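First up is the structure itself, then whatever we jot down about it.
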Amino acid sequence: MRKAKKKTGSRTKKPAATKENQSPVLKERLEAEFAQAVKSAKTYVGNPQRLQSLFQEAAKQAALMPKEPFAETWPYFQAMLRLIRAYSEGKYRDVPESTLVVIVAAIIYVVNPLDVIPDALPALGFLDDATVLALAVRRSRQTLDDFMAWETAP
């Protein structure tokens with residue numbers, strides 16, 4: 001009869017970050033940073049030029065960002081960018097202001113290279129951005145789905 005091999009600690013993978021095992025300090029910092037982004041986002045909503053500038057800066061950065069950390073939220077991130085552009089150009093206005101604020105805040109957060117985890121850190125830099133985007137998608141999924149349907153309507 002064979003003995004089961006003991007697993008060594010060096011070969012085990014760390015569990016993925018979840019709400020239950022995230023550092024409370026990190027979670028608090030992330031929430032505080034996002035709250036600041038929401039404050040800032042409120043000043044963008046009524047200013048088409050600022051929204052257009054945000055769209056242009058975010059689109060440039062998105063072209064250089066790795067897609068892997070964002071997984072299934074990447075298409076929604078792209079839709080957020082297109083929605084901001086369409087809204088700033090006055091082409092699409094069927095979005096509740098509170099939802100637009102959440103979307104703009106998420107984009108502001110992602111564009112900021114010095115957020116909770118600086119984007120320059122290899123492998124980790126975009127994890128907080130991905131978390132914020134996932135949160136924003138959960139809060140705005142129906143609006144984003146409606147917008148994407150509007151985009152493809154004849």
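Could you check the range 21-49 and list, in sequence order, the residues that are outside any helix (DSSP H, G or I) and at pLDDT 80 or above?
Within the range 21-49, G46, N47 meet the criteria.
Need the failing condition index for T143 against (1) within 19 Å of Q52 (Cα to Cα); (2) at pLDDT 95 or above, just the number.
For T143, the exception is condition (1).
Just name the residue that is farthest from the chain's Cα centre (by Cα) out of those in the range 66-88 that are charged (D, E, K, R) and within 17 Å of M148 (Cβ to Cβ). Please lay out each step first, then the result.
The initial filter retains those residues of the range 66-88 that are charged (D, E, K, R), namely 67-68, 72, 82, 85.
Now narrow it down to the ones that are within 17 Å of M148 (Cβ to Cβ): 72, 82, 85.
On the way: E72: 11, R82: 14, R85: 17 Å.
Among residues in the range 66-88 that are charged (D, E, K, R) and within 17 Å of M148 (Cβ to Cβ), the one farthest from the chain's Cα centre (by Cα) is R85.
Just checking, which of R50, R93, R85 is free of Cβ contacts under 8 Å to residues at least 40 places away in the same chain, more than 14 Å from D129 (Cα to Cα), among the basic types (K, R) and surrounded by 17 or more Cβ atoms within 10 Å (Cβ to Cβ)?
R85
Can you spot a residue in the range 92-102 that is modelled with pLDDT under 90 and either touching a helix residue (DSSP H, G or I) at 6+ places or on another chain (Cβ under 8 Å) or among the acidic types (D, E) (or both)?
No, every residue in the range 92-102 fails to be modelled with pLDDT under 90 and either touching a helix residue (DSSP H, G or I) at 6+ places or on another chain (Cβ under 8 Å) or among the acidic types (D, E) (or both).
Only one of (1) at pLDDT 90 or above; (2) under 17 Å from the mean Cα position of the chain (by Cα); (3) surrounded by fewer than 10 Cβ atoms within 10 Å (Cβ to Cβ) is not met by T18, so which one is it?
(1)
Filter the range 128-154 down to the residues that are open to solvent by 80 Å² or more (accessible area, probe 1.4 Å) and either within 24 Å of L64 (Cα to Cα) or over 12 Å from the mean Cα position of the chain (by Cα) (or both) and list them by number.
Within the range 128-154, the first condition is being open to solvent by 80 Å² or more (accessible area, probe 1.4 Å), and the residues that meet it are 138-139, 141-142, 150, 152, 154.
Across the range 128-154, the qualifying residues are R141, Q142, W150, T152, P154.
Go through the residues of the range 52-65 one by one and say whether even a single one is within 26 Å of E151 (Cβ to Cβ) and at pLDDT below 85. Steps first, please.
Filtering the range 52-65 for residues within 26 Å of E151 (Cβ to Cβ) gives 52-65.
When the remaining residues are screened for being at pLDDT below 85, the result is 64-65.
Looking through the range 52-65, at least one residue is within 26 Å of E151 (Cβ to Cβ) and at pLDDT below 85.
Within the range 63-82, count every residue that is of a type outside the set (K, R) and in contact (Cβ under 8 Å) with a residue 24 or more places away in the chain.
Counting residues in the range 63-82 that are of a type outside the set (K, R) and in contact (Cβ under 8 Å) with a residue 24 or more places away in the chain gives 11.
The values are calculated or read from the model by the stated rules, or taken from the named source; none is laboratory data. Since this is a predicted model, take the numbers as computed values, not measurements. Here the Cβ is made from the backbone with ideal geometry for all residues, glycine too, and neighbour counts use every protein chain on show. Keep in mind that these areas ignore ligands, DNA and RNA; they rest on the heavy atoms of the full protein, side chains included. Shrake-Rupley method; radii C 1.70, N 1.55, O 1.52, S 1.80 Å.
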